[in-house]
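The structure under discussion appears below in the form of structure tokens.
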Amino acid sequence: GDGRASITAMAAAAAEAGLDYWAVTDHAEALAINGLTAAQFEERRGVLKRLARDIDIDLLDGAELNIGPDGELDYDDEVLGQFDFCVASVHTALGRDADAQTARIVRAMRHPSVHAIGHLTGRKLGKRPGFDVHLDQSLAVALETGTALEINASPRRLDLSDDVVRRAVDAGVTLTISSDAHTTSELDHLRFGVGNAQRGWAQVDDVLNCRDLAGVRDFVAAKRARRSRHA
């Protein structure tokens with residue numbers, strides 16, 4: 001009822017578009033407008049398993065987590081550990097200063113189940129500028145923790161911007177390009193994200209989802225291993 005296409009329709013459209021895999025990243029529960037509870041994600045997990053038998057595309061059981069005011073996430077570690085891939089994003093308290101915003105993002109990056117940070121500055125083109133964040137510190141922690149930064153390809157966001165993409169590339173940070181699609185037609189937004197990546201001088205090797213599925217799983221496993229070594 002919130003305008004989103006069904007998982008089945010989205011997966012079919014992703015397969016038709018020629019994608020090798022598709023990460024299903026519904027919002028987590030702290031985003032009250034359309035977030036799923038842990039129980040609903042468990043129910044969805046069953047849907048994905050059944051769908052995977054009938055469709056010619058690999059599906060990743062994912063979530064878009066909400067980064068709380070102090071960097072906390074929606075679920076406990078047991079629930080988070082069940083996902084294949086998690087993006088974590090700031091959706092609230094956008095007016096805080098750069099120190100506070102950076103601190104909450106850094107804490108999220110240090111969690112072993114956060115594999116990418118979504119729309120780093122929270123900007124919406126024509127509606128609001130991005131919030132302040134200490135970019136050098138954010139890039140350094142992304143590199144240290146093995147966390148990717150999303151290029152959100154929605155034409156309403158294009159966040160990371162091309163100039164920030166360039167700085168991320170120079171810093172050696174891994175990028176990932178997301179369509180942010182809620183309907184089948186929005187899958188085509190990927191091309192805008194690719195354009196932003198190109199304008200920021202990103203190469204194929206800089207982008208996580210230019211890797212095959214095994215490469216993505218290796219990236220996820222490497223983050224978990226890095227956390228265990230530093231525990």
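The values are calculated or read from the model by the stated rules, or taken from the named source; none is laboratory data. Everything numeric here is computed off the predicted structure, so don't read it as measured data. Here the Cβ positions follow ideal geometry from the backbone for every residue, glycine too, while neighbour counts run over all protein chains shown. For accessibility, only protein heavy atoms count, side chains too; no ligands or nucleic acids. Shrake-Rupley method; radii C 1.70, N 1.55, O 1.52, S 1.80 Å.
Of note:
- Largest-first ellipsoid semi-axes for the stretch 1-88, taking √(5λ) over the Cα gyration tensor eigenvalues, angstrom: 24, 14, 12
- Estimated purely from DSSP H runs of n ≥ 4, each contributing -39500 (n - 2.57), the mean residue ellipticity at 222 nm for the chain is -12000 deg cm²/dmol once divided by its residues.
- Share, in percent, of DSSP beta bridges within the chain that are antiparallel, nearest 5: 10 percent
- Calculated semi-axes √(5λ) of the Cα gyration tensor in Å (choose from (i) 52, 16, 14; (ii) 25, 20, 19; (iii) 28, 23, 15), label: (ii)
- Packing around the peptides 143-153, 120-130, taken as the average count of other Cβ atoms within 10 Å per residue, puts them in this order, highest first: 143-153, 120-130.
- Amide H within-cut-off set for LEU149, under 5 Å, with H built and near neighbours excluded: ILE117, THR174, LEU175, THR176
- Remark: spin-label model distance THR8-ARG217 equals 2.7 nm, labels positioned 7 Å along the Cα→Cβ axis.
- With both labels modelled 7 Å from their Cα along Cα-to-Cβ, the VAL194 to HIS182 distance reads 2.5 nm.
- Here the simple spin-label model places points 7 Å from the Cα toward Cβ, and for GLU144 and ALA30 these points are separated by 2.1 nm.
- For peptides 41-47, 177-183, sequence by mean Cβ density within 10 Å, most packed first: 177-183, 41-47
- Within the accessible surface of the chain, defined with a 1.4 Å probe on protein heavy atoms only, the carbon and sulfur portion equals 49 percent.
- Residue among ASP205, ASP26, ASP132 with the largest mean-square fluctuation in a Gaussian network model of the chain, springs linking Cα atoms under 10 Å: ASP205
- Our estimate of slack between ARG50 and ALA98, defined as 0.36 nm per intervening residue step minus the Cα-Cα distance, is 12.9 nm.
- A 1.4 Å probe run over the chain, with the rest of the protein chains in place, finds 48 Å² accessible per residue.
- Farthest towards the positive end of the charge dipole of the stretch 39-82, among the residues ILE67, ALA39, GLY81, is the Cα of ALA39, using unit charges on the Cβ of Lys, Arg, Asp and Glu.
- Packing-based order for 70-77, 100-107, using average beta carbon neighbours within 10 Å, highest first: 100-107, 70-77
- Nearest-20 debye value, the chain charge dipole, Cβ charges on Lys, Arg, Asp, Glu: 280 debye
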